[in-house]
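A quick write-up on the structure given underneath.
The values are calculated or read from the model by the stated rules, or taken from the named source; none is laboratory data. Note that the structure is a prediction, hence the values are computed from the model and not measured. Counting neighbours? That spans all protein chains shown, and the Cβs are built from the backbone with ideal geometry, glycine included.
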Amino acid sequence: MMVARRIVLLMVLVAFLAWPLASSAAERPLWELGIGGGFLMMPDYRGSDKTRLYVLPFPYAIYRGGVFRVEDKRIAARIFATDRVTLDASGYGAVPVRSDDNDARSGMPDLDPTFEFGPALRIKVLDSQENKYRVTVALPVRAVFSTDFHTVRYEGFVFAPRLNFEKGDVIPGTGLYLGVSAGPMFADRGYHEYFYTVDPVYAMPSRPAYAAGGGYSGSTLTVGLGKRYKQFIFNAFVSADFLQGAVFEPSPLVKTDTSWMGGFSITWVFLQSKTMVEDKSPY
């Protein structure tokens, strides 16, 4: 279970903290390698009132190839790309939870780690090299699997559209990068059942039985700041999940309508290609 926790935390850390910074340069190194470390504060699950602190190292790798790319929080083989539209893949995960360490789930089965993967359509809405900003829309659909590393079980799917705003040199002359991402999330019954259903056998006066359905799963707002200084990259973020109106909000396992997550990382880029490539990607 410790290995599973580390793998999922690595996915979350890279997703939120290992961001390549926005740049107006037309040419960039073909590849970059580095290593980083960060801390992450996150709830056991969305809606949980139990928050934990995690510390983890992570690798940093950028490859700006024409089709296969390792960049912007994802490894992707681009199915197609135009000046404004890209179809590739996205992934995410959730940490395992020991129910005995979470009062709301005490006596219930533990939550195995989950892994999400699926296609993502990314659309560039606005892009200004002169003013160093861009606005994009991401439309990812991901299948969700849980695993105890003996078996893998399909739990459902999620659709999490996002409107993303990125601004380089947000305070002129500082090189400080700002990223803002917001959007709703939708999931099917299977996904919500995994986290929020209470079977009658586990019901008690303070935790009545509950069957979760599919539909609206809340909304997310994430704000991040980044700064590159010589060979080092500094990133910080805070993210809020707003669960008001979510179909599973009545679940007795939901203890808060707003779940907070945040973190900070430092990355050391120790090696990069001498070959420079023209990078037309909006991402």
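Tabulated data for the structure shown
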quantity	calculated
Which listed residue, of 52, 28, is assigned to a strand (DSSP E or B) and modelled with pLDDT under 90	28
Residue pairs meeting the criteria (Cβ under 6 Å; at least 6 apart or on separate chains; first on the phi < 0 side of the Ramachandran plot, in the stretch 160-178; second β-branched (Val, Ile, Thr) and surrounded by 18 or more Cβ atoms within 10 Å (Cβ to Cβ))	164/136
Number of positions in the stretch 132-146 that are small (Gly, Ala, Ser) and either under 12 Å from residue 88 (Cα atoms) or out of contact with any Asp or Glu (no Cβ under 6 Å at 6 or more places or on another chain) (or both)	2
Residue satisfying condition, being in contact with a Gly (Cβ under 9 Å, 6 or more places away or on another chain) and within 30 Å of residue 270 (Cβ to Cβ), within set 196, 229, 154, 191	229
Tally, over the stretch 237-283, of residues that are assigned to a strand (DSSP E or B) and without any contact (Cβ under 8 Å) to a residue 40 or more places away in the chain	4
Residue within the stretch 216-230 that is among the polar types (S, T, N, Q), modelled with pLDDT of 95 or more and farther than 20 Å from residue 138 by Cα present	no
